[in-house]
Amino acid sequence: MPGTAIAAAGIGALGVLPLTLVTVLPFLLGGVQSDDIRDWWVYALLLLPVLQVFGVVWLVSRRGRWPLVAGAVASLVFALLVIGTAVSVGSDVGATPVIVAVCPLVAAVLAFHPRVTAWLAGRRRAG
């Protein structure tokens with residue numbers, strides 16, 4: 001396993017922590033509900049950390065990098081939605097959305113390194 005793949009997996013796994021805190025903690029504290037009923041999109045937020053963990057496992061198991069990229073894109077979309085919502089209501093969210101998106105994006109970029117590509121392609125040829 002090349003060092004770049006290890007770095008991508010490590011950074012991707014590290015990115016799960018802030019993503020989990022931002023998505024799961026408000027859900028558990030009941031802060032994202034309207035009229036005592038949780039909206040459908042709240043449950044979709046809970047899939048973000050799951051997708052990121054799945055992407056890391058998929059990369060480490062040498063199956064591919066696309067789930068990791070999907071997790072990065074989902075994290076970026078989430079961060080942009082938070083920033084857009086905050087701007088529309090005139091609120092400040094600080095650096096939290098950026099922190100949520102940085103690790104998954106860095107992991108996805110590292111997963112496209114030529115050494116990782118060769119490592120993943122080697123499995124396909126050998127199998």
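Taken over the range 60-110, the criterion of being within 16 Å of GLY10 (Cα to Cα), part of a loop (DSSP other than H, G, I, E, B) and over 14 Å from the mean Cα position of the chain (by Cα) is satisfied by SER61, ARG62, GLY64.
The lone criterion from (1) under 17 Å from ILE11 (Cβ atoms); (2) at pLDDT below 90; (3) not hydroxyl-bearing (Ser, Thr, Tyr) left unmet by GLN52 is number (2). Taking the listed residues ALA86, ALA95, the one that is surrounded by fewer than 19 Cβ atoms within 10 Å (Cβ to Cβ) and touching an Asp or Glu at 6+ places or on another chain (Cβ under 9 Å) is ALA86, with no other qualifying.
Reported count of residues in the range 1-49, each being in contact with a helix residue (DSSP H, G or I) (Cβ under 9 Å, 6 or more places away or on another chain), assigned to a helix (DSSP H, G or I) and at pLDDT below 75, is 3.
The values are calculated or read from the model by the stated rules, or taken from the named source; none is laboratory data. As the structure is a prediction and not an experimental result, all values here were calculated from the model. Positions of Cβ are generated from backbone atoms using ideal geometry, with glycine treated the same way; all protein chains shown enter the neighbour counts.
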